[in-house]
Amino acid sequence: MPRLRAFSLLEVMVAIALLAVGMTVLLQVQTRSINLAQQAREMTVATMLARSKLLDCQADLAKKGFSIGDYDEEGNFGDDGYPDFFWECHAYKPDIPVADTADVQQAFSATGNEETGQAAEQQGADLGMQFLAPVMSQLSSVLGDSIRELVVIVRWGKSGETDELRVATHLIDKTAVNQVAAMIQQASSRMPGAPPPPPPRGPPGGKG
C-alpha cells in the first residue's frame, strides 16, 4: 500500500505568511489608488470653485471700486453643495516703484549718451524729456492706484490636514488708464514742433 505524503506544518506556515504579505501589499496599493482618486476629484472641484469665485470677486470689486482700499472677503461653498470647501478673496495694491523726475531725466540721458554724434536728435530728445518728465513721474503712481492684484484661496480637508489652491489675476481701472493717456497726449501737444490737434468733428449730416 503506497504511503500518503502531506504538507508539513512548516510549509503551511510559509504559505500563509506569503499569502499575508501579498494581501497586505495588494491592500496598500488599492488604498493608495483610492486616495489618489479622491485627491484628484478634490483638486478638480477646487479648481472649478476657484474659477467661479474669481469671477464673482472680480464683479464685486468692480462694483465697489478701487477706492475702498484692500478687499477681503471669505466664506464657504455650502450653497454650492460643498460645505467642506472654504474660500478667501483678497485684493491688494501691487508694489510698483514710483519714479521721480530725476529718475526719468537720468533714463533719458543714458539713452542719449549711447547715441553720440546725433546732436540734433539728442537736443530734440532733451526738449521732449523736459515736457514729458513730469507726466512720466506721475505715471507709475497713477497706474499703481488703478491696478489691483486679486488672489482667491480655496481650502479643503478635515482633521487638521488641509489642502489649498491659489489663483491670482490683475484688474485694471480703465478710467485711470484713460486719464494717463490724456495726460500724455496733452503733454505731447505742448511740445515744440508737435502737430496741432485735429479740429472737433461736427454733427453728422451737417453742411460745411
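The values are calculated or read from the model by the stated rules, or taken from the named source; none is laboratory data. None of the values given here were measured: they were computed from a predicted structure. Glycine also receives a Cβ, built like all others from the backbone with ideal geometry; neighbour counts cover every protein chain displayed.
Of the residues making up region 58-77, those that are among the charged types (D, E, K, R), touching a strand residue (DSSP E or B) at 6+ places or on another chain (Cβ under 9 Å) and assigned to a helix (DSSP H, G or I) are Asp60, Lys64.
Residue check: Ala99 meets all listed conditions (1) assigned to a helix (DSSP H, G or I); (2) modelled with pLDDT under 70 but one, namely (1). Does region 59-70 contain at least one residue that is at pLDDT 85 or above and buried (at least 17 other Cβ atoms within 10 Å of the Cβ)? Yes, that holds for at least one residue.
Of these, Val12, Val21, Val45, which one is at pLDDT below 90 and at negative phi?
Numbers: Val21 fails: at pLDDT below 90; Val45 fails: at pLDDT below 90.
On inspection, the qualifying residue turns out to be Val12.
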